[in-house]
Amino acid sequence: MDMEPFTAGLISLEDAQQKMLQQLTPISDSLNVSLFEAAGRITAKPINSPLDVPSFDNSAMDGYAVRLADIAPERLLPVAGKAFAGAPFSGEWPAGSVIRIMTGAPIPAGCDAVVMQEQTEQRDGGIVITAPVQRGQNIRRIGEDIQAGKQVLDAGVRLGAAELPLLASLGIAEVNVLRKLRVAIFSTGDELQAVGHPLAAGQIYDTNRFTVALMLNKLGCEVIDLGVIADDQAALRNAFTEADRQADVVISTGGVSVGEADFTRSMLEELGAITFWKLAMKPGKPFAFGRLANSWFCGLPGNPVSAAVTFYQLVQPLLATLTGQTTRIMPLRQRARATQRLKKSPGRLDFQRAILSRGDDGVLEVRSTGAQGSHVFSSFALANCFVVLERDRGDVEAGEWVEVEAFNSLLEG
């Protein structure tokens with residue numbers, strides 16, 4: 001299918017990502033923080049275990065510690081004692097007897113196996129084992145999970161609910177992490193008013209800066225909020241200069257579309273080396289990326305949905321690359337069946353907000369959240385995924401297969 005004339009020459013999202021990310025060098029400044037303060041931080045170097053896990057042989061079951069030489073069919077075995085987690089058996093273990101043992105308890109010296117209690121019968125004076133016993137069964141050996149000195153986390157790992165309990169289980173009280181990225185943000189436009197203030201005639205709320213700040217906080221960045229900058233050349237120059245002085249990354253919203261009545265383009269050409277891209281992407285065609293004197297710059301579109309989508313698809317991986325993250329941040333795309341007609345014009349890769357669920361037949365299916373205009377932010381509040389429609393694809397009919405990308409933690413709540 002032919003591209004629309006107005007989309008000719010637009011750069012693809014994949015090319016934009018590649019051109020952007022290949023220029024970046026991750027930060028290296030690090031510090032030690034308490035494990036209780038490490039959530040969301042990025043490991044600066046690999047972490048090795050200081051101990052064996054388990055640190056001693058222990059029981060995997062509630063049952064009985066036995067010696068194979070004592071076992072015979074229908075033989076009554078008296079219970080010589082008990083072993084609990086934190087309270088091991090410490091007495092003498094007579095021949096021809098067993099020790100009652102609980103999950104996690106240290107294995108008594110001389111024990112060959114643990115028989116789960118369900119494979120025994122209680123008799124007067126002891127127990128009878130009712131199933132075959134193999135040497136080593138139900139015993140967790142020292143170092144079986146993790147050996148002392150073994151690497152448990154690589155550098156570049158974002159620490160969360162899976163990683164931090166692991167470190168806690170190893171007795172690691174603090175961890176070396178990268179410093180937080182410093183990101184300066186501002187919006188341009190005389191029509192913008194900060195959230196929480198009354199609107200004057202012709203004004204709109206500065207949704208974009210609010211949204212970007214929320215997402216940056218969720219990504220663990222240090223946010224430097226410079227507010228709304230008026231459409232004034234001197235004010236804009238001061239904003240860029242101050243942002244570049246303080247930050248690793250500068251993000252502006254608005255002022256990168258053709259025909260906008262402001263000075264963003266000329267200011268960027270004066271202060272840095274900027275490549276303006278017109279992306280073959282919807283929403284989000286106008287997007288700027290480049291280098292200022294001390295920082296990287298991203299210029300987001302003015303429309304709220306366009307700003308959010310370009311942040312998600314372009315700025316999010318940029319920030320992850322600058323922090324050296326090795327963990328995957330974007331979910332794998334998968335196929336789903338459209339339950340309704342989706343409108344699409346060929347020419348741009350289209351990220352439509354949608355709801356992914358499983359049909360009665362067990363197949364993944366997806367439906368639109370409704371109006372997909374770049375100003376309709378309610379489409380995000382209802383959605384849990386993007387329907388990713390190929391650049392040259394046209395309308396999608398109900399029942400057709402489409403590619404979907406479930407929201408990651410940045411958007412899922």
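Extension gain, ARG358 to THR241: 0.36 nm times the residue separation minus the Cα-Cα distance gives 37.1 nm.
Close amide-amide hydrogen proximity is noted between THR188 and ILE229, THR253, each under 5 Å apart and 5 or more residues distant or on a separate chain (H modeled in the peptide plane; Pro and chain starts excluded). Could you tell me which of the pairs LYS282/LYS344; LYS45/LYS150; LYS45/LYS218; LYS19/LYS180; LYS180/LYS218; LYS218/LYS282 are separated by over 18 angstrom between their Cα atoms in the structure shown? Check vs 18 Å cut-off fails for LYS45/LYS218; LYS19/LYS180; LYS218/LYS282. For segment 44-61, the residues whose amide N sits under 17 Å from a probe point set 7 Å from the Cα of ALA148 along the beta carbon direction are 48-58. If you bin all the Cα-Cα distances of segment 325-413 at 5 Å, starting from zero, the percentages per bin are 3, 14, 24, 26, 19, 9, 4, 1. If R0 equals 35 Å, the separation of the Cβ atoms of GLU118 and ALA161 corresponds to a calculated FRET efficiency of about 0.60. Backbone phi angles across segment 326-333, fed through the Karplus curve with coefficients 6.51, -1.76 and 1.60 (θ = phi - 60°), yield HN-Hα couplings of 9, 7, 5, 9, 9, x, 5, 7 Hz in residue order; Gly and Pro are listed as x. Hey, quick one: spin label on ASP232, modelled 7 Å out along Cα-Cβ, who in segment 191-216 has an amide N within reach, i.e. under 17 Å? The answer is 191-194.
Taking amide H atoms as placed 1.01 Å from N in the peptide plane, the amide H of PHE297 lies under 5 Å from those of VAL250, GLY290, ARG291, LEU292, each 5 or more residues away in sequence or on another chain. The separation of segment 97-176 from segment 186-255, counted between C-alpha centres, amounts to 54 Å. Restricting the GluC sites (Glu not before Pro) of segment 324-413 to loop positions (DSSP other than H, G, I, E, B) with no more than 11 neighbouring Cβ atoms within 10 Å leaves GLU397, GLU412. Solvent exposure of the chain amounts to 48 Å² per residue of accessible area, where only protein heavy atoms count and the probe is 1.4 Å.
Note on the chain: with a GNM built from Cα contacts shorter than 10 Å, the maximum mean-square fluctuation among PRO108, PRO317, PRO304 falls on PRO108. Every helix of 4 or more DSSP H residues in the chain counts as -39500 (n - 2.57), and over all residues that averages to -4500 deg cm²/dmol at 222 nm.
Placing +1 on the Cβ of every Lys and Arg and -1 on the Cβ of every Asp and Glu, with no other charges, gives segment 333-406 a dipole of roughly 200 debye about its Cα centre.
Ranked from largest to smallest solvent-accessible area, with a 1.4 Å probe on the protein heavy atoms, THR103, THR310, THR369 come out as THR103, THR369, THR310.
One entry in (1) 35, 27, 21; (2) 31, 28, 22; (3) 60, 28, 17 is semi-axes √(5λ) of the Cα gyration tensor in Å calculated from the shown coordinates; its label is (3). FRET efficiency for the GLN340 to GLN17 pair, using the beta carbon distance and R₀ = 35 Å, is estimated at 0.70. Note on TRP401/LEU76: beta-carbon distance plugged into 1/(1 + (r/R0)^6) with R0 of 45 Å gives a FRET efficiency of 0.10. For ALA113, nonlocal amide neighbours, meaning residues 5 or more places apart or on other chains whose placed amide H falls under 5 Å from its own, are VAL66, GLY136.
The values are calculated or read from the model by the stated rules, or taken from the named source; none is laboratory data. Predicted model only: the values in this text are computed from it and were never measured. Backbone-built Cβ (ideal geometry, glycine too); neighbour counts: all protein chains shown. Heads up: the accessible areas ignore ligands, DNA and RNA and are worked out on the full protein's heavy atoms, side chains in. Shrake-Rupley method; radii C 1.70, N 1.55, O 1.52, S 1.80 Å.
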